Amino acid sequence: DSFKVQIYSPYIIINKTGLPFEIRSVAKMSMNAREVAGETRKDELAKTTPFMLSNTSGHEFVLKIGNSEWSETLDVEAPTAETDLVLPARNLEGHLGVSWTPGSGKYACSKVITLAPRFIVKNSTSAILRYREYGGAEQIDLQPGSTSPILWTRREPDKLLLIAYPGLNAIW
């Protein structure tokens, strides 16, 4: 005689930010965040390797990436959704795209949560482009056909991006 045992994780997190993340569960009545068991090495948490998360106290979490502060409460009870999560960090804020959907195949019993930069710049031209945030000093060159995530922005109500061709007389 034989039998089959299936072990699954209620949540699987895919981190596409390239930064380490931390996550805590939030009890509905107390609103106090609790640590969740799992990987604690920052270099491992920055990888896109799936992170299995089990939580017995509900479906509400707070998270942070890199050196950000903790986010507002994120409720992943809905079967599928996509949202923008703003994470404060000193004079910056991180814009994180968070989506979740039921898993498929061998992950059918799990909900897959994906963390990704909310904004991505793609250079579809045949020339190198340079971009920077309005009011910011950091300039980034973008090669033809390449993409670059914009995760951190200044804490300003208007998010503006300036683009120019590189050179001494660049016109923004």
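The values are calculated or read from the model by the stated rules, or taken from the named source; none is laboratory data. Quantities reported herein were computed from a predicted structural model and do not represent experimental measurements. Note: ideal-geometry Cβ built from the backbone for every residue, glycine included; neighbour counts use all protein chains shown. Accessible surface is based on the protein model in full, side chains and every heavy atom, while ligands, DNA and RNA are left aside. Shrake-Rupley method; radii C 1.70, N 1.55, O 1.52, S 1.80 Å.
One table, with the values for the structure above:
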read-out	value
Gained length - D158 relative to E138, 0.36 nm times residue gap less alpha-carbon distance	5.4 nm
Dipole-positive endmost among P88, V76, I128 within the chain (Cβ charges, Cα centre)	I128
Net charge, P102 excluded, C-beta distance under 15 Å - Lys, Arg +1, Asp, Glu -1	0
Calculated from backbone phi, Karplus (6.51, -1.76, 1.60) coupling profile of region 61-68 in Hz, x at Gly/Pro	9, 10, 8, 8, 10, x, 9, 6
Value at 222 nm in deg cm²/dmol, rounded to 500, when DSSP H runs of n ≥ 4 in the chain each add -39,500 (n - 2.57)	-500 deg cm²/dmol
FRET efficiency estimate (nearest 0.05) - Cβ-Cβ, A108 to A81, R0 25 angstrom	0.85
Greater than 23 Å apart at Cα, pairs in K42/K106; K16/K106; K16/K64; K64/K106; K64/K111; K64/K122	K42/K106; K64/K106; K64/K122
Dipole magnitude of the chain about its Cα centre (Cβ charges: Lys, Arg +1; Asp, Glu -1), debye to nearest 20	240
Max mean-square fluctuation residue, GNM over the chain, Cα-Cα springs under 10 Å, options S99, S57, S71	S57
Taking only Cα atoms of region 1-153, radius of gyration then Dmax in Å	18.1, 70
Cα-centred dipole magnitude for region 59-112, charges only on beta-carbon of K, R (+1) and D, E (-1), debye, nearest 20	300
Solvent-accessible area of D43 with every protein chain in place, 1.4 Å probe, in Å² to the nearest 10	100
